[in-house]
Amino acid sequence: KSIFLLIRINICLTGNLKFCLLILNQSFDKDHFHCLWSKAALRACADGGANCLYHITEGSQDSFLPDYISGDFDSIQPEVKEYYKVKGCELIETMDQDLTDFTKCLQILQKKIEKKGLQIDVIVALGGLGGRFDQTMASVETLFLARNITPFPVMVIQECSLIYLLQPGKHKLCVDTGLEGAWCGLIPIGNSCESVTTTGLKWNLTNQVLKFGTLVSTSNTYDDSKIVTVETDKPLLWTMAIK
């Protein structure tokens with residue numbers, strides 16, 4: 001199994017990847033937001049993510065209306081909810097407390113992608129990696145659940161960080177866009193990885209075990225090859241700095 005991922009923040013500006021944008025309930029970089037919003041095929045907010053959208057577009061909210069907002073609506077501010085309702089945005093209440101608003105929003109997004117017949121390459125979630133640690137871990141959990149929700153890769157970005165869950169198999173990551181920061185890491189969350197092999201990193205792994213209490217690859221960086229390959233026997237979280 002070989003997957004090629006073009007990881008770049010301005011996929012919407014210079015790349016040819018087609019994507020959907022999901023906005024979560026945490027502050028995010030305004031530049032990232034604008035370049036992603038402008039080319040997204042479908043745009044959604046998970047509950048309080050609508051607050052973030054509303055405030056970051058202050059003065060021009062009419063130009064940034066999401067296709068839908070979903071959640072149990074315990075986080076969205078009443079005036080924000082009313083604003084988007086009046087503007088005709090679809091509001092979808094999801095009361096299931098066993099799943100996070102991110103997960104439920106992703107489920108709805110996949111159904112809309114299918115209904116509209118959209119041809120996309122990736123789903124990008126904006127936010128979800130800052131603030132409360134339990135909510136950050138909930139974002140990671142959604143990446144694990146996403147395997148049974150959508151066939152498309154799901155990336156989460158916020159400020160200087162990006163995460164993506166590598167499935168078992170061999171992966172090829174392009175890291176020559178100029179938008180990568182200095183650090184990267186491979187985190188065995190949810191399970192130990194019994195055999196991980198990499199190329200393109202300063203500190204590569206060769207059939208090594210990644211496991212909490214044994215070895216976790218953090219604060220790694222790249223060599224000069226501009227391509228990183230990762231082969232893993234279990235799901236493995238890739239994280240990297242972004243500019």
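Taking only the alpha-carbon positions of region 158-243 and ignoring solvent, what does the Debye formula give for the base-10 log of I(q)/I(0) at q = 0.10, 0.15 Å⁻¹? One equal scatterer on each Cα of region 158-243 leads to -0.21, -0.48. Here the Debye sum runs over all C-alpha atoms of the chain as equal scatterers in vacuum, and log10 of I(q)/I(0) at q = 0.07, 0.08, 0.14 Å⁻¹ comes out as -0.23, -0.30, -0.90. Rolling a 1.4 Å probe over the protein heavy atoms gives the chain an accessible area of 46 Å² per residue.
Give the range of the longest stretch in the chain that excludes all chymotrypsin sites (Phe, Trp or Tyr not before Pro) found in loop regions by DSSP and having at most 11 other beta-carbon atoms within 10 Å. Longest site-free region, per DSSP loop and neighbour criteria: 1-202.
By the rule of a C-alpha distance below 14 Å, with chain neighbours fewer than 8 residues away ignored, the aspartates and glutamates paired with K30 are E58, E159.
How about K226: which aspartates and glutamates have a C-alpha closer than 13 Å to its C-alpha, ignoring those fewer than 8 places off in the same chain? K226 reaches D176, E180. Where only DSSP H runs of four or more residues are counted, the chain gives -6500 deg cm²/dmol as its mean residue ellipticity at 222 nm, each run worth -39500 (n - 2.57).
Filter K18/K87; K211/K243; K116/K170; K116/K172; K170/K234 down to the pairs with a C-alpha to C-alpha distance above 20 Å, please. Check vs 20 Å cut-off fails for K18/K87; K211/K243; K116/K170; K116/K172. Peptide packing for 117-127, 43-53 was compared via the average number of neighbouring C-beta atoms within 10 Å per residue; ordered from the highest value, the list is 43-53, 117-127.
The values are calculated or read from the model by the stated rules, or taken from the named source; none is laboratory data. Just so we're clear, the structure is a prediction, and the values are computed from it rather than from any experiment. So basically every Cβ, Gly included, is an ideal-geometry build from the backbone, and we count neighbours across all protein chains shown. Keep in mind that these areas ignore ligands, DNA and RNA; they rest on the heavy atoms of the full protein, side chains included. Shrake-Rupley method; radii C 1.70, N 1.55, O 1.52, S 1.80 Å.
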